[in-house]
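The structure under discussion appears below in the form of C-alpha coordinates.
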Amino acid sequence: MAFVGDEVPEKYAKVFAIVAAARDAGIRCVQDAFAKSEPLLGWQIDAATRDVIEKAGYGEQYTHRTGHNIGQEVHGNGAHIDGLETREDRRIIRRTCFSIEPASTFPTSVSAAK
(Lines give C-alpha, C1' and ligand atoms only; values in the text may rest on other atoms or scores of the structure.)
Protein backbone atom coordinates (compact mmCIF):
# COMPACT_ATOMS: atom_id res chain seq x y z
CA MET A 1 0.00 0.00 0.00
CA ALA A 2 1.36 3.41 -0.89
CA PHE A 3 0.30 7.02 -0.81
CA VAL A 4 1.80 9.84 -2.85
CA GLY A 5 1.41 13.29 -1.35
CA ASP A 6 2.38 15.44 1.59
CA GLU A 7 0.14 13.86 4.22
CA VAL A 8 -1.69 10.54 4.36
CA PRO A 9 -5.44 11.17 4.69
CA GLU A 10 -6.89 9.95 7.99
CA LYS A 11 -9.23 7.55 6.19
CA TYR A 12 -6.30 5.82 4.46
CA ALA A 13 -4.29 5.59 7.68
CA LYS A 14 -7.30 4.04 9.42
CA VAL A 15 -7.73 1.42 6.68
CA PHE A 16 -4.01 0.65 6.73
CA ALA A 17 -4.13 0.09 10.50
CA ILE A 18 -7.11 -2.25 10.15
CA VAL A 19 -5.42 -4.28 7.41
CA ALA A 20 -2.17 -4.45 9.39
CA ALA A 21 -4.07 -5.67 12.46
CA ALA A 22 -5.80 -8.31 10.31
CA ARG A 23 -2.47 -9.46 8.88
CA ASP A 24 -1.01 -9.65 12.39
CA ALA A 25 -4.01 -11.72 13.57
CA GLY A 26 -3.36 -14.17 10.73
CA ILE A 27 0.32 -14.45 11.63
CA ARG A 28 -0.57 -15.00 15.32
CA CYS A 29 -3.02 -17.71 14.30
CA VAL A 30 -0.21 -19.60 12.53
CA GLN A 31 2.32 -19.04 15.31
CA ASP A 32 -0.11 -20.17 18.01
CA ALA A 33 -1.17 -23.33 16.17
CA PHE A 34 2.41 -24.30 15.34
CA ALA A 35 3.60 -23.59 18.91
CA LYS A 36 0.92 -25.96 20.21
CA SER A 37 1.51 -28.50 17.40
CA GLU A 38 -2.17 -28.20 16.48
CA PRO A 39 -3.40 -28.86 12.96
CA LEU A 40 -4.11 -25.65 11.06
CA LEU A 41 -6.36 -25.34 8.01
CA GLY A 42 -6.26 -22.52 5.50
CA TRP A 43 -9.77 -21.31 6.30
CA GLN A 44 -8.79 -20.80 9.95
CA ILE A 45 -6.17 -18.19 9.06
CA ASP A 46 -8.67 -16.51 6.74
CA ALA A 47 -11.20 -16.42 9.59
CA ALA A 48 -8.67 -14.79 11.94
CA THR A 49 -7.98 -11.96 9.50
CA ARG A 50 -11.57 -11.61 8.35
CA ASP A 51 -12.79 -11.27 11.96
CA VAL A 52 -10.63 -8.16 12.48
CA ILE A 53 -11.89 -6.51 9.31
CA GLU A 54 -15.53 -7.40 9.98
CA LYS A 55 -15.36 -6.04 13.54
CA ALA A 56 -13.97 -2.79 12.11
CA GLY A 57 -17.08 -2.51 9.91
CA TYR A 58 -15.50 -3.30 6.56
CA GLY A 59 -16.51 -6.93 6.08
CA GLU A 60 -18.53 -6.24 2.94
CA GLN A 61 -15.47 -4.75 1.25
CA TYR A 62 -13.29 -7.79 1.99
CA THR A 63 -14.24 -9.82 -1.07
CA HIS A 64 -11.09 -11.87 -1.67
CA ARG A 65 -9.29 -14.75 0.01
CA THR A 66 -6.63 -13.80 2.54
CA GLY A 67 -3.70 -15.49 0.86
CA HIS A 68 -2.36 -18.38 -1.14
CA ASN A 69 0.28 -21.03 -1.27
CA ILE A 70 3.45 -19.87 -3.00
CA GLY A 71 5.32 -22.09 -5.41
CA GLN A 72 7.83 -21.57 -8.18
CA GLU A 73 5.24 -19.75 -10.31
CA VAL A 74 3.73 -17.56 -7.51
CA HIS A 75 0.63 -19.68 -6.75
CA GLY A 76 1.58 -23.14 -5.56
CA ASN A 77 -0.41 -26.35 -5.29
CA GLY A 78 -0.58 -26.38 -1.50
CA ALA A 79 -3.23 -25.09 0.87
CA HIS A 80 -4.53 -21.58 0.31
CA ILE A 81 -5.57 -19.13 3.03
CA ASP A 82 -9.21 -19.10 2.07
CA GLY A 83 -12.51 -19.24 3.92
CA LEU A 84 -14.48 -17.16 1.43
CA GLU A 85 -14.01 -18.38 -2.13
CA THR A 86 -13.42 -22.11 -1.58
CA ARG A 87 -13.11 -22.75 2.20
CA GLU A 88 -9.69 -24.33 2.26
CA ASP A 89 -9.77 -27.52 4.36
CA ARG A 90 -6.23 -28.62 3.55
CA ARG A 91 -3.65 -28.34 6.32
CA ILE A 92 -0.99 -25.67 6.46
CA ILE A 93 2.26 -27.58 6.67
CA ARG A 94 5.43 -26.36 8.34
CA ARG A 95 8.18 -25.25 5.97
CA THR A 96 5.78 -24.40 3.17
CA CYS A 97 5.49 -20.90 1.82
CA PHE A 98 2.21 -18.98 1.74
CA SER A 99 1.04 -15.39 1.85
CA ILE A 100 -1.15 -13.64 4.40
CA GLU A 101 -2.30 -10.59 2.47
CA PRO A 102 -5.73 -9.39 3.52
CA ALA A 103 -5.13 -6.14 1.64
CA SER A 104 -4.80 -7.66 -1.83
CA THR A 105 -8.10 -6.07 -2.88
CA PHE A 106 -9.48 -4.64 0.35
CA PRO A 107 -7.99 -1.08 0.53
CA THR A 108 -8.90 -0.15 -3.03
CA SER A 109 -12.52 -1.08 -2.57
CA VAL A 110 -12.69 0.58 0.84
CA SER A 111 -11.16 3.80 -0.45
CA ALA A 112 -13.81 3.99 -3.11
CA ALA A 113 -16.66 2.86 -0.87
CA LYS A 114 -16.16 4.87 2.31
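The values are calculated or read from the model by the stated rules, or taken from the named source; none is laboratory data. No experiment lies behind these values; they were computed from the predicted model shown. Because the Cβ atoms are built from the backbone with ideal geometry, glycine has one as well, and the counts that use them run over all protein chains shown. Surface areas here come from the heavy atoms of the whole protein model, side chains and all, with no ligands, DNA or RNA. Shrake-Rupley method; radii C 1.70, N 1.55, O 1.52, S 1.80 Å.
Within region 1-15, restricting attention to residues that are in a helix (DSSP H, G or I) and within 17 Å of Ala103 (Cα to Cα), which residue is least open to solvent (accessible area, probe 1.4 Å)? Steps first, answer last, please.
At the first step, the residues of region 1-15 found to be in a helix (DSSP H, G or I) are 10-15.
Narrowing further to those that are within 17 Å of Ala103 (Cα to Cα): 11-15.
Working: Lys11: 83, Tyr12: 71, Ala13: 49, Lys14: 106, Val15: 4 Å².
Per the criteria, the residue is Val15.
Please identify the pairs in which a residue from region 57-70 that is part of a strand (DSSP E or B) has its Cβ atom under 8 Å from the Cβ atom of a residue that is among the β-branched types (Val, Ile, Thr) and surrounded by 14 or more Cβ atoms within 10 Å (Cβ to Cβ), counting only partners at least 6 apart or on another chain.
Pairs that qualify, where the first residue is part of a strand (DSSP E or B) and the partner is among the β-branched types (Val, Ile, Thr) and surrounded by 14 or more Cβ atoms within 10 Å (Cβ to Cβ), are Gly67/Ile45; Gly67/Ile81; Gly67/Ile100.
Filter region 34-53 down to residues that are closer than 21 Å to Asp89 by Cβ, without any contact (Cβ under 8 Å) to a residue 40 or more places away in the chain and part of a helix (DSSP H, G or I), then give me how many there are. Please lay out each step first, then the result.
Narrowing region 34-53 to residues closer than 21 Å to Asp89 by Cβ: 34, 36-51.
Right, trim to without any contact (Cβ under 8 Å) to a residue 40 or more places away in the chain and you get 36-38, 44, 47-48, 51.
Still in the running and part of a helix (DSSP H, G or I): 44, 47-48, 51.
Matching residues across region 34-53 total 4.
Please verify whether Arg28 is surrounded by fewer than 17 Cβ atoms within 10 Å (Cβ to Cβ), free of Cβ contacts under 8 Å to residues at least 40 places away in the same chain and of a type in the set (Lys, Arg), treating the condition exactly as stated.
Details: surrounded by fewer than 17 Cβ atoms within 10 Å (Cβ to Cβ): yes; free of Cβ contacts under 8 Å to residues at least 40 places away in the same chain: yes; of a type in the set (Lys, Arg): yes.
The answer is yes for Arg28.
Taking the conditions exactly as written (at pLDDT below 90 and surrounded by 14 or more Cβ atoms within 10 Å (Cβ to Cβ)), does Gly42 satisfy them or not? Outline the logic, then answer.
Working: at pLDDT below 90: no; surrounded by 14 or more Cβ atoms within 10 Å (Cβ to Cβ): yes.
No.
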